[in-house]
Amino acid sequence: MSWCFRDATAPGSKPPPVRSTTYRSSMNTPFHRFVLVLAVLGLAGCSTVGTRIREKSAVFATLAPNVQQEIRKGQVEPGFTPDMVYMALGAPDERREHHTVKGDRELWIYLSITEDWEGQVVHYRRYAVRDPKTGAVYVVTEPVIHNLYSTDARERIRVEFTNGKVSSIERDKPRP
């Protein structure tokens, strides 16, 4: 049996049918990332202002109507308790504690996370394919594409509690 190695681009050669397959590492496409986010939300449960208010309904019912309205709008004001801030903003992304002689302070940090598409890296892989009818072997070159993303996590809001009440709030200033 004789093997004939031909480049698929050689003049006069008949290329075999080419399968259009691109191999990507898992979780590297926007679709896979979307499915992952849906799965995480489905497993963790979706935390909205409404679900958090229902979770802390006993605390919410004792609040004044104007405070209830602020919480429904996702607003936090000095004097709020940790439960009130949780209902308005949800669980913080980070928590820090400070213990001093003047009292205990707790800092809740909420992050804004963005993911930006940076482009693609394309490299090529080559492999041999044998034609089942003729036995000829062809060299096939196909692109392999990797999408590049960058992730940026910035502080969106900081809420500081002193002795169990909000003492200061730092927010991103809106851009003009």
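The values are calculated or read from the model by the stated rules, or taken from the named source; none is laboratory data. Note that this is a predicted model, so its numbers are computed, not measured. Virtual Cβ from ideal backbone geometry, glycine too; neighbours counted across all protein chains shown.
Yes/no per residue for (1) assigned to a strand (DSSP E or B); (2) touching a residue at least 60 places away in the same chain (Cβ under 8 Å):
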residue: THR51; (1), (2): no, no
residue: ALA58; (1), (2): no, no
residue: ILE71; (1), (2): no, no
residue: GLN75; (1), (2): no, no
residue: MET87; (1), (2): no, no
residue: ALA91; (1), (2): no, no
residue: GLU106; (1), (2): yes, no
residue: VAL144; (1), (2): yes, yes
residue: ASN147; (1), (2): yes, yes
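Name the residue that is surrounded by the fewest Cβ atoms within 10 Å (Cβ to Cβ), counting only residues in the range 98-120 that are farther than 23 Å from LYS56 by Cβ, over 20 Å from the mean Cα position of the chain (by Cα) and of a type outside the set (Ser, Thr, Tyr).
Here the answer is VAL101.
Mind checking which residues of the range 107-134 are more than 30 Å from PRO82 (Cα to Cα) and touching a Ser or Thr at 6+ places or on another chain (Cβ under 8 Å)?
Hits for the range 107-134 are ASP116, GLU118, TYR124, ARG125, ARG126.
So which of ARG126, ARG95, ARG156 is among the charged types (D, E, K, R) and surrounded by 13 or more Cβ atoms within 10 Å (Cβ to Cβ)?
The unique qualifying residue is ARG156.
Checking the conditions here, which among SER57, SER25 is out of contact with any helix residue (DSSP H, G or I) (no Cβ under 7 Å at 6 or more places or on another chain), hydroxyl-bearing (Ser, Thr, Tyr), modelled with pLDDT under 65 and loosely packed, with under 12 Cβ neighbours inside 10 Å?
When all the criteria are applied, what remains is SER25.
Check VAL139 against each of (1) over 30 Å from VAL49 (Cβ atoms); (2) in contact (Cβ under 8 Å) with a residue 60 or more places away in the chain; (3) not in a strand (DSSP E or B) and name the one condition it does not meet.
(3)
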